[in-house]
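A.B. asks: Submitted below is the structure of interest, expressed as structure tokens.
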Amino acid sequence: MKKGLFLLLFICTWVTFSQDRNFSKNPITITGYVLDQDTNEPLEYATIAFFSPKLKKVVTGGITNEEGKFSIEVTPGVYDVSIEFISFKTKKLQKQKLFKNTNLGKISLGLDTETLDDVVVIAEKTTVEIKLDKKIYNVGKDLTVSGGTVSDVLDNVPSVSVDVEGNVALRGNDNVRILINGKPSGLVGLNSTDALRQLPAESIERVEVITSPSARYDAEGTAGILNIILRRSKLQGVNGAITVNSGYPLAGGISGNINYRTGDFNFFTTSGYRYRESPGNSLNETKFFNIDSDGIDNPDTFLNEDRDFDRIRKGLNSNVGVEWYINKTSSITTSFLYRSSDNESNTTNIITELDANGNIISQNTRFDPETEDDTTKQYSLNYTKDFDDTGHKLTFDFQIEDSSEEERSQITQENITTTELVNTLEDQDRILLQADYVLPIGEKSQFELGYRGNFNELDTDFLVQFEDNGITTTDTDLSNTLLYREQVNAAYTQFGSKWGKLSYLLGLRTESTRITIDQQTSNEFSKKNYIDVFPTINLGYELSKKQSLTLGYNRRIRRPRSRFINPFPSRSSATNIFQGNPDLDPSYANTFDLGYLNRMGKLTLNTSIYYNHSTQIFTFISEDTGDTATIGADDNNPGTEVPVIRRRPINLTSSDRYGFEFTLTYNPSRKWRLNGNFNAFQNNIRGENNGENLDADIFSWFARINNKVTLPAKIDWQTSIFYRGPNENAQTRSDGIFSMTLAFSKDVFKEKGSLTFNISDVFNSRKRMSTSTTSTFISDSEFQWRERSFNLSFTYRFNQKKKRQRSQRNFDGDDEFEG
């Protein structure tokens with residue numbers, strides 16, 4: 001790693017030296033200043049580039065200062081001078097004969113209404129931008145996630161919720177496709193939940209919530225797509241930001257995003273290290289109905305299980321790359337990602353058996369110290385060819401990734417000499433191939449086609465051993481090796497156009513899937529091949545300049561992966577286990593979304609009604625396995641046999657989910673910003689399992705409010721409140737969850753630095769409390785992943801402004817028809 005950083009530094013130094021050497025031939029100075037033609041205000045960080053027709057490349061460039069002025073040295077010659085600023089029309093000064101010091105004078109740029117399209121909120125005024133096809137959450141403006149993780153960021157995004165175990169849901173549906181810069185990424189890793197908890201929030205530029213994806217995207221994800229855009233700048237020179245943070249329970253970290261652009265090269269890196277202690281706890285109280293074969297109700301048995309978690313998360317991630325502008329129309333971007341984490345989790349289980357009068361029959365203490373090592377390496381290559389400036393382009397992407405995860409447990413029980421050794425090793429290899437071609441037709445139409453291949457292989461070795469008096473034996477009933485292979489080849493085409501006030505995007509995607517599941521130890525093998533067609537329709541109609549309607553339809557798929565199909569049972573609890581189901585079939589969904597947008601001065605309303613019909617849906621059930629576990633045993637006491645409860649996923653017949661949501665953004669003044677999101681949905685599930693009717697009609701809702709106020713002395717105060725309403729299915733009733741986060745921030749060093757303090761889960765109330773009922777038992781449970789925490793962070797920016805003049809619409813080159 002050190003050698004790689006040294007090499008990058010050497011290349012940067014050499015390129016800089018080369019540029020300086022070229023300027024040694026009597027350079028001249030070109031000056032001027034750039035303004036917003038509507039407001040006549042200076043545009044800071046506007047980019048000025050000097051293109052040499054003779055050399056057919058950009059030879060130098062620079063940026064404007066806070067007064068909009070620039071002063072750039074250049075070798076005498078003839079140049080095409082390009083002046084650019086995000087969301088403004090680019091101005092080009094052709095064939096400028098520059099042979100002496102020259103002042104180009106005032107250069108005015110006008111807003112690009114085509115690229116702005118549906119951007120309705122200026123970035124300084126809110127943390128949320130609303131577009132017709134998506135919502136964009138600007139992470140940099142949110143104080144409550146400073147020093148936090150990606151999981152914390154997503155928990156504040158409109159329409160998105162993150163439960164106490166870190167599972168992400170969109171509009172209450174947990175089948176969400178998470179992408180990094182528009183593609184699957186090693187930053188998510190083998191376990192997306194754990195990975196999202198370790199990535200620093202400061203590495204994210206924005207999050208795009210795409211509820212009606214176009215045919216360009218994978219069909220995976222019945223709820224929609226969350227596209228996480230990482231920070232990256234294309235400004236000339238060196239710029240970036242570094243953040244350090246510390247907190248309680250003990251936490252600390254450092255992260256930074258640094259860019260260096262010189263001439264035809266742009267070097268970039270996003271790196272960080274985190275250390276975090278996350279104490280948590282859970283409680284299960286189970287009552288077993290003891291009815292014998294004659295139907296006689298015997299005294300019931302009560303079983304209480306109390307678990308405490310002490311977790312330590314240590315993670316390093318680094319993404320280093322370079323973008324080479326080959327010429328005016330072509331560029332190559334290559335990057336290398338490395339992510340490593342070293343985790344510890346100490347779980348203490350106390351199981352108590354009680355009689356009907358509350359007297360203790362037996363008690364057992366089980367201790368599970370677990371260590372986990374995760375490593376991900378990913379190499380990416382992108383080639384982009386712009387045929388002209390109308391959007392006619394061709395792109396190629398190649399990505400290869402290797403991930404490994406090893407978990408080791410050494411489980412001991414009170415008064416028992418036998419030690420249980422559990423080792424899980426997962427190795428995953430993924431390859432991505434992608435090509436996209438975009439062809440504008442006239443001024444208002446566009447045709448697009450492309451290919452994407454995803455090739456994935458996951459090898460899981462699960463080994464359970466018992467050690468007693470120095471003798472180790474392997475449990476062949478529990479140990480197994482699972483080899484999972486998945487190949488998805490997809491082709492798509494789509495056409496979009498605008499006719500008067502009506503715009504439309506019609507797409508069709510075909511995916512061919514080949515899956516093999518090989519349980520090598522137990523000699524169980526299954527193979528599934530299927531071809532699916534996924535149509536998409538997106539319509540937009542402008543009622544007026546401030547009001548518009550959208551209508552979207554798409555067909556989506558959910559493929560079972562990872563823990564859903566992993567048949568190896570969890571071992572941290574002897575009486576409550578989780579086990580995957582290799583026989584799961586994919587689930588399909590047809591989704592409709594009707595949206596309405598209204599901009600009413602300082603108030604913006606974005607609302608939608610949606611409907612989702614799914615077949616072969618996944619659901620989790622709890623069941624008595626028929627097996628028993630021994631508790632309260634020691635070398636002199638055989639103990640008591642108690643039932644083992646298993647939680648696992650199965651396919652049910654169908655689900656009809658329909659709901660309503662709205663997002664309100666209100667900016668009464670520059671010092672007060674308020675936005676809120678409300679989502680209510682009904683989910684009607686139909687199906688059965690082993691003769692048990694699992695039909696359920698579930699109503700749930702959640703609401704979120706973010707309020708930001710600037711206090712005297714320019715101190716920003718932000719409050720975030722979240723509440724998820726109670727819900728109930730065929731087996732489980734869950735209580736509502738309330739949480740609140742507070743944050744305070746103060747700019748220092750002339751706005752180059754920011755000091756932020758936040759309190760996450762102020763009332764320590766983020767707990768999942770539920771009751772599960774079956775024919776053989778009733779169980780009350782309480783689970784808290786992480787207790788209340790405090791965090792202090794400091795961010796320092798160099799050559800980078802805290803608040804950009806306006807938000808860039810298309811960071812990754814997406815066009816107006818996408819989504």
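A.B. asks: Show the residue pairs meeting these rules: Cβ distance below 6 Å; 6+ apart or different chains; first residue within segment 463-491 and closer than 22 Å to Q428 by Cα and among the polar types (S, T, N, Q); second residue modelled with pLDDT under 85 and assigned to a strand (DSSP E or B).
C.D. replies: Going by the 6 Å Cβ cut-off, the qualifying pairs are N480/Q519.
A.B. asks: Restricting to segment 400-423, name every residue that is over 23 Å from S340 (Cβ atoms) and not in a loop (DSSP other than H, G, I, E, B).
C.D. replies: Listed by number, the residues that qualify are I411, T412, Q413, T419, E420, L421.
A.B. asks: So, one more: Restricting attention to segment 698-743, report how many residues are closer than 16 Å to N679 by Cβ, in contact with an Asp or Glu (Cβ under 9 Å, 6 or more places away or on another chain) and of a type in the set (A, V, I, L, M, F, W, C).
C.D. replies: Qualifying residue count for the region: 4.
A.B. asks: Still on this structure: List the strands (runs of 3 or more DSSP E) that sit entirely inside segment 672-783 and contain at least 2 residues that are of a type in the set (K, R).
C.D. replies: 672-686, 696-711
A.B. asks: Say we look at segment 289-332 and pick out the residues that are part of a strand (DSSP E or B) and over 40 Å from the mean Cα position of the chain (by Cα); which of these is modelled with the lowest pLDDT?
C.D. replies: Taking the candidates together, the pick is I291.
A.B. asks: Return a yes/no flag: does segment 221-238 have any residue that is more than 22 Å from the chain's Cα centre (by Cα), outside any loop (DSSP other than H, G, I, E, B), under 30 Å from F757 (Cβ atoms) and modelled with pLDDT under 85.
C.D. replies: The answer is yes; a qualifying residue exists.
A.B. asks: Then there is this: Is it true that R307 is assigned by TED's automatic domain parsing to the domain that holds S380, touching a residue at least 40 places away in the same chain (Cβ under 8 Å) and in contact with a helix residue (DSSP H, G or I) (Cβ under 9 Å, 6 or more places away or on another chain)?
C.D. replies: No.
A.B. asks: For segment 584-592, state whether one or more residues are in contact (Cβ under 8 Å) with a residue 40 or more places away in the chain, closer than 26 Å to L483 by Cα, among the small types (G, A, S) and not in a loop (DSSP other than H, G, I, E, B).
C.D. replies: Looking through segment 584-592, at least one residue is in contact (Cβ under 8 Å) with a residue 40 or more places away in the chain, closer than 26 Å to L483 by Cα, among the small types (G, A, S) and not in a loop (DSSP other than H, G, I, E, B).
A.B. asks: For segment 609-625, name all the residues that are modelled with pLDDT under 90 and either of a type in the set (S, T, N, Q) or closer than 14 Å to R657 by Cα (or both).
C.D. replies: Scanning segment 609-625 gives I617, F618, T619, S622, T625.
A.B. asks: Looking at segment 77-90, can you tell me whether even one residue there is aliphatic (A, V, I, L, M), part of a loop (DSSP other than H, G, I, E, B) and on the phi < 0 side of the Ramachandran plot?
C.D. replies: Checking segment 77-90: at least one residue is aliphatic (A, V, I, L, M), part of a loop (DSSP other than H, G, I, E, B) and on the phi < 0 side of the Ramachandran plot.
A.B. asks: Kindly indicate which of N138, N173 is farther than 27 Å from K671 by Cα, modelled with pLDDT of 70 or more and not assigned by TED's automatic domain parsing to the domain that holds N319.
C.D. replies: Going through N138, N173 in turn, the sole match is N173.
A.B. asks: Going by what's in this entry, would F618 be described as in contact (Cβ under 8 Å) with a residue 60 or more places away in the chain, surrounded by 18 or more Cβ atoms within 10 Å (Cβ to Cβ) and more than 19 Å from N683 (Cα to Cα)?
C.D. replies: no
A.B. asks: Mind listing whichever residues of segment 586-602 are farther than 19 Å from R657 by Cβ and not aliphatic (A, V, I, L, M)?
C.D. replies: Matches in segment 586-602: Y596, N598, R599, G601, K602.
A.B. asks: Are any residues in segment 41-58 modelled with pLDDT of 85 or more, under 35 Å from the mean Cα position of the chain (by Cα) and not in a strand (DSSP E or B), and if so, which ones?
C.D. replies: Once the filter is applied, which keeps residues that are modelled with pLDDT of 85 or more, under 35 Å from the mean Cα position of the chain (by Cα) and not in a strand (DSSP E or B), segment 41-58 yields nothing.
A.B. asks: Next question, about the same structure. For segment 766-777, indicate whether the set of residues that are under 22 Å from the mean Cα position of the chain (by Cα) and farther than 21 Å from D306 by Cα is non-empty.
C.D. replies: The answer is no; no qualifying residue exists.
A.B. asks: Exactly one condition in (1) of a type outside the set (G, A, S); (2) outside any strand (DSSP E or B); (3) loosely packed, with under 14 Cβ neighbours inside 10 Å is not met by K527; state its number.
C.D. replies: (2)
The values are calculated or read from the model by the stated rules, or taken from the named source; none is laboratory data. Fair warning: this is a prediction, and the values are worked out from it, not measured in the lab. Reconstructed Cβ throughout: ideal geometry from the backbone, glycine too, with neighbour counts over all protein chains shown.
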